[in-house]
Amino acid sequence: FSFRKLWAFTGPGFLMSIAYLDPGNIESDLQSGAVAGFKLLWVLMLATIIGLHGGWGGRDFALVFMALGVPFPPQFPRIILWLMVELAIIGSDMQEVIGSAIAINLLSVGKIPLWGGVLITIADTFVFLFLDKYGLRKLEAFFGLLITIMALTFGYEYITVKPNQEKLLQGLFIPYCRDCGTPQLEQAVGIVGAVIMPHNMYLHSALVKSRQVNRADKREVREANKYFFIESCIALFVSFIINIFVVTVFAEAFFNKTNADVYQVCANSSSPHSSLFPNNNQTLEVDIYKGGVVLGCYFGPAALYIWAIGILAAGQSSTMTGTYSGQFVMEGFLNLRWSRFARVLLTRSIAVTPTLFVAIFQDVEHLTGMNDFLNVLMSLQLPFALIPVLPFPSLPSVMHDF
């Protein structure tokens, strides 16, 4: 074993793990904590483990479709599958836009309206395209920085709230949900849809090809598989810990809380956002916007701003992964090569348009409600990505000796 070699193979797994940390994921985490407490942590852990997958026999998933051509007729199913993956990519991009717009609004104390935040997110894609010119390693390092920011910000919230460690361990290792009903079941399904992104399967299988490996040498391929697997495990473990921070903070502080409880605390702390919560005995419902507000009411303004920085990092990090995924699936399914600039322009304009209309004509409730809808959309797209992929690892014509 060599740490130097592991470092050389480090990158693709962390780029892939960003899909486990996008704003849709963070929203799913905090809602599962507020609705079910610590009870659904085992679902999060299993979904993360299921999401762990390795390299391929020299081709990425999308190119396997092109190469085989046998289990699938040449055109129709391939185009349907491509459209489904594109839908998932656009949905993910919309979540990134929503998360970034909300974070910018919170950080500017409401001075930048939500629609202004949406427009600002158009500019960030060009920053990533600029970074991309300096090579994949530089981009990997930048995403590593964003993941570090998320770990520090959500870790700060975790230390501030001090969740019950015994309940945390029970939630992780006892696959059971006592007194759970429809809301908890909905959250469990939402976690799976938010964690296992359909386009992520295609992204990771293509990114591992960025490293130079002599595929004629079985020993070298076996070694590459080993290091990629270790790197993926580390990356997913880091993303899992960050997700645990978010779930347990809201499970400890806001499980079984009512709107009246939060209203009183926010009013006493002179929060300008106390009107968000009606003074009634209904169970508290939170999203990434309200989540920051209630943290600010209970634990001071620093908790709100640190939360917003974490959400901004989550939003920014998922921008380029959608662009890369789109490029790989378009190349694989349709044999089409577009420039990254054209790719970003297409997905970002489709993602920004409906989000901008909701931000201008509706309120933050409707904007964060879109996140919930998009998590459900991701769940519906999963079979289209996963079912065709399942036979490939057992086909000798694809995997050869591996």
Separation in nanometres of the label points that stand 7 Å from Cα toward Cβ, at Arg215 and Cys180: 4.2 nm
Cβ-based charge dipole, the chain, positive-most Cα from Ile174, Leu81, Leu152: Leu81
Kirkwood-type radius of the stretch 101-160, with distances r between different C-alpha atoms, in Å: 13.4 Å
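Summing -39500 (n - 2.57) over the DSSP H runs of n ≥ 4 in the chain and dividing by its residue number, what mean residue ellipticity at 222 nm do you reach, to the nearest 500 deg cm²/dmol? Could you put the intermediate results ahead of the total?
Numbers: 18 runs with 300 residues, N = 402.
That calculation yields -25000 deg cm²/dmol at 222 nm.
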Normalised per residue, the volume of the convex hull around the Cα set of the stretch 120-235 (Å³): 198 Å³
Residue list for the stretch 270-302, given a label point 7 angstrom along the Cα-to-Cβ vector of Lys111 and an amide N cut-off under 18 Å: 272-273, 301-302
Given charges at Cβ of Lys, Arg, Asp, Glu: the chain dipole, positive-most of Thr258, Ile244, Phe228: Phe228
Heavy-atom accessible area ranking, 1.4 Å probe, most first, across Phe126, Phe228: Phe126, Phe228
Within the chain, longest stretch clear of exposed trypsin sites (Lys or Arg not before Pro) (DSSP loop, no more than 13 other Cβ within 10 Å): 216-336
Label point distance in nm, Met399-Gln165, each placed 7 Å from Cα along Cα→Cβ: 4.1 nm
Cα-centred dipole magnitude for the chain, charges only on beta-carbon of K, R (+1) and D, E (-1), debye, nearest 20: 1260 debye
Residue of Thr182, Thr353, Thr148 that the Gaussian network model of the chain assigns the largest fluctuation, springs spanning Cα pairs under 10 Å: Thr182
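Given R₀ = 25 Å, FRET efficiency for Leu136-Phe357 by Cβ-Cβ distance, to 0.05?
0.10
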Equivalent ellipsoid semi-axes, the stretch 190-293, via Cα gyration tensor eigenvalues times 5, rooted, Å: 47, 12, 11
Accessible carbon and sulfur surface of the chain relative to its total accessible area, %, 1.4 Å: 67 percent
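Can you divide the C-alpha Rg of the chain by 2.2 N^0.38 Å and report the result to two decimal places? Before the final figure, lay out each step's value.
Details: Rg = 21.2 Å, N = 402, 2.2 N^0.38 = 21.5 Å.
That works out to 0.99 for the chain.
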Accessible area per residue, Å², the chain with all protein chains present, probe 1.4 Å: 43 Å²
Highest-MSF residue in the chain out of Gly110, Gly33, Gly193 [GNM, Cα springs under 10 Å]: Gly110
Potential extension, Ser269-Leu152 segment - 0.36 nm per residue separation minus Cα distance: 39.6 nm
Accessible surface ranking that places the most exposed of Val35, Val247 first, with a 1.4 angstrom probe: Val35, Val247
Nearest-ten-degree value, helix 301-334 long axis tilted from longest Cα axis of the chain: 30 degrees
Equivalent-ellipsoid semi-axes of the stretch 249-402, from the Cα gyration tensor, Å, largest first: 41, 20, 15
Span from the the stretch 276-337 Cα centroid across to the the stretch 214-230 one, whole angstrom: 36 Å
Distance histogram in 10 Å bins (all Cα pairs of the stretch 302-360, percent per bin): 19, 36, 30, 12, 3
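The values are calculated or read from the model by the stated rules, or taken from the named source; none is laboratory data. Model, not experiment: these values are computed from the prediction. Counting neighbours? That spans all protein chains shown, and the Cβs are built from the backbone with ideal geometry, glycine included. The area values use the complete protein model at the heavy-atom level, side chains included, leaving out ligands, DNA and RNA. Shrake-Rupley method; radii C 1.70, N 1.55, O 1.52, S 1.80 Å.
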